[in-house]
Every structure is written in structure tokens, then in C-alpha cells.
Amino acid sequence: MLVNAYHGTVLARSARKPTTVFKRLYSRNSGKPEGGNPRLKNYSTADGQTYRYFYEGQRPYRSGAEFVFQVSAESAPARALSVFFSDRAAGTWERMHDRLLTGTERYAVAKLALFQAFEAGANDARVSAKDVAGFAERLGLD
């Protein structure tokens with residue numbers, strides 16, 4: 001199951017009752033993420049290839065997280081592209097800087113790894129300790 005995926009929210013009817021939030025990952029009818037269209041973004045590689053993508057969510061993977069993006073290149077059908085980010089890769093940077101990477105910072109590193117995968121024409125990406133250090137420097141993380 002993906003967490004932080006696009007989803008709709010339904011609140012309880014009565015303000016007197018505790019607010020109950022129900023989340024649905026996908027609508028019943030279309031099979032697409034609920035809540036309207038996801039925010040599609042574009043990325044153009046150095047060789048001129050253009051990708052359209054959106055963030056679908058993340059889920060636990062071994063000792064880390066898998067960030068899942070839906071990607072399409074030119075007129076090709078969309079496919080999932082996963083960025084695997086191990087706690088071990090993050091741990092090296094975290095020990096050197098004596099602090100943990102926040103969830104937002106991990107997402108930013110995963111997104112830069114996604115762009116690197118686009119440039120390489122890869123089907124998935126794995127974030128290494130060296131990648132974390134380089135991406136953190138590009139992002140200006142202390």
C-alpha cells in the first residue's frame with residue numbers, strides 16, 4: 001500500500017461528533033487517483049527526451065523506502081518508475097551531519113534520483129550514500 005498517495009477525504013457530518021477522516025487511494029469508477037488529476041510535471045533530458053511524471057506515493061521497502069512515480073516518455077504509455085532509498089544510504093549522511101533527513105528532504109533526494117534515472121534512461125533508481133551526499137549538497141542541506 002502506498003502512503004502519501006493522492007486521495008480524497010470525507011469528513012463526518014456532525015460537528016458534535018469527533019471528526020472521522022476516511023481516505024481512499026483510488027476512486028471506484030475510474031481506477032485513477034481520486035481528487036482530480038494529479039499534478040503532472042515535465043522534465044527534459046540533455047539529449048532532448050521529454051518525460052511527464054507525477055508522484056504516486058511511497059511505501060516501505062526492505063530497510064528503507066520506495067518512492068513511486070508514474071512516468072511517460074513522449075507518447076509512450078505511462079509506467080511506474082521506483083526510486084529505492086535505503087536507510088543505510090541516508091545513515092551515512094546523517095551520521096556525518098549529526099541529524100536525520102526529514103521526510104521532505106528524503107523526497108527531494110528521491111526526486112533528484114528520478115531525474116538522474118531519466119538522464120540514464122533507466123527503469124528504476126537506487127539511491128547510494130554517494131548520491132545522498134551529492135544531492136544534499138545540491139539542495140543546500142546542512
Order of T102, T45 under a 10 Å beta carbon neighbour criterion, fewest first: T102, T45
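When Lys and Arg each count +1 and Asp and Glu each count -1, what net charge do the other residues less than 14 Å away from E105, Cβ to Cβ, add up to? The partial results should precede the final answer.
Values: positive: R99, R106, K111, R138; negative: D87, E94, D131, E137, D142.
Here the count lands on -1.
Read-outs throughout are calculated quantities, based only on the coordinates presented, and are distinct from any laboratory measurement. This structure is a prediction, so every number in the text was calculated from the model and none was measured. Methodologically, a virtual Cβ is constructed for each residue, glycine included, from the backbone with ideal geometry; neighbour enumeration extends over all protein chains shown.
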